[in-house]
């Protein structure tokens, strides 16, 4: 809710109404639409009511304000706008409705704003654009749709704004753009589609955009930059492809970029830049005008990188694991003004590099393990009072200087040369006794666990062997029984089995013996005595 409103002259001499932002949390929310309360301000040129919880625009809010040039209603609670809201505003040049709660804008809503140049609908809840959304906005030069959940940009919607110079649609949900859309926007100078979901760009993607000088595709999901992608963009000056997933840049990807001055490839998956292969796309012939280069988090860089770009003014090589000896790559860079060396592995800077760095307006050495002694940082510490950098580096070692900026250190009291390994050993010696005890305890525990594991493993193997042996014995026993049964079936004649009796078809031998008995032939019958013959 605004707590004060006044009429005053702006810096361009324009009459403007200014509403001072109030405390929206402690005061009741404003639910009053803006009505025709400004009609007496006939010469009003700038109308700015922001952060005031305005829910809607009245039908005749701007009636009679024929000199109005700028209307800023950003960061309110407007949910609906209609064609009648802007009736009579043929001279309006700028309209800012960003940060409201617009879900849908009817067709031809802005048709009365025939001279409008700047339109911002950013950070609303627009899902799609209606046909003839921009009817009669033939003079529109700058359009911002960023921060809306738009998934598709229909080319026909842009038919009415073919003089557009700047188009921004960051933080939307775009995965691709119909190339026909660009055929309606041939006059574009700035295209910003960062922070979307693009995965691939065809080599003919931008063939109609020959006047581009700024292209931002950072924060997408691109994995490759194909050959000749920018072959029609001779006027391109700024190219931002940072924060993608780029693993490959084709050798001719930057062909014809003869006017490029700013290139950002940081935070991709190009693990290294090799001048003979992966860096071949950074041809000195094509990119000799480059003044700003950002290749942060590339893991490793060639030592002759800057020899290719002698005109660099700004360089970001942070997060590349650079060490003291790697700083020699800076020698060819004679015109640097801004240098980011943060998040590397720099311990010290020798005299030659110190002379170069002190000529640079701003150098960032934050988050490096800097050793503040005479042989590592003595030369830079001696000149610290002359440096105009935005933030001076701090020491990591020795422990007594940790976190201290080099400007607060007396160079005369520095140790000659502190070894990083020695300092780390010194830090660890304070707890060496307890660590040894813990180490011994850990070894005993490990030995006990190893012995227990060995016993469990031995028991397991023994159990497997026993089970396997029993299985083999059972298997062969069953095999013998099956073989015996098969033999009997092949030689025995069939028998008839009836209830409670078995009738065999062959005579039964009573003298069949079992294996446990010794079968002997039956004894001969006793001799018979013959009766005496009576004679």
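Quick notes
- In the stretch 82-101, the residues that are farther than 17 Å from residue 140 by Cα and modelled with pLDDT of 95 or more: 99, 100, 101
- Within the stretch 213-235, if we keep just the residues that are crowded, with 18+ Cβ neighbours inside 10 Å and in contact with a strand residue (DSSP E or B) (Cβ under 6 Å, 6 or more places away or on another chain), the residue that is modelled with the lowest pLDDT turns out to be 225.
- Qualifying residue in the stretch 112-131 (condition: within 17 Å of residue 184 (Cα to Cα) and within 29 Å of the chain's Cα centre (by Cα)): yes
- Selection of the stretch 393-418 for residues being closer than 18 Å to residue 341 by Cα and crowded, with 16+ Cβ neighbours inside 10 Å yields 393, 394, 395, 396, 406.
- Count of residues meeting criterion [buried (at least 21 other Cβ atoms within 10 Å of the Cβ), within 18 Å of residue 164 (Cβ to Cβ) and without any contact (Cβ under 8 Å) to a residue 40 or more places away in the chain] in the stretch 120-136: 4
- Among the candidates 55, 28, residue that is assigned to a loop (DSSP other than H, G, I, E, B) and modelled with pLDDT of 80 or more: 55
- Options 174, 188, 140; residue that is farther than 20 Å from residue 241 by Cα and at pLDDT 95 or above: 140
- When 176, 154, 163 are checked against the criterion of being within 17 Å of residue 218 (Cα to Cα) and out of contact with any strand residue (DSSP E or B) (no Cβ under 7 Å at 6 or more places or on another chain), a single residue qualifies: 176.
Matching residues to (1) within 18 Å of residue 35 (Cβ to Cβ); (2) assigned to a loop (DSSP other than H, G, I, E, B):
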{"position": "64", "(1), (2)": "yes, yes"}
{"position": "74", "(1), (2)": "no, yes"}
{"position": "77", "(1), (2)": "yes, yes"}
{"position": "80", "(1), (2)": "yes, yes"}
{"position": "90", "(1), (2)": "no, yes"}
{"position": "95", "(1), (2)": "no, no"}
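- Residue match in the stretch 338-352 (condition: crowded, with 20+ Cβ neighbours inside 10 Å, at pLDDT 95 or above, more than 36 Å from the chain's Cα centre (by Cα) and not in a strand (DSSP E or B)): no
The values are calculated or read from the model by the stated rules, or taken from the named source; none is laboratory data. All figures in this text were calculated on a predicted structure; none of them were measured in a lab. No Cβ is skipped: glycine too gets one built from the backbone with ideal geometry, and neighbour counts run over all protein chains shown.
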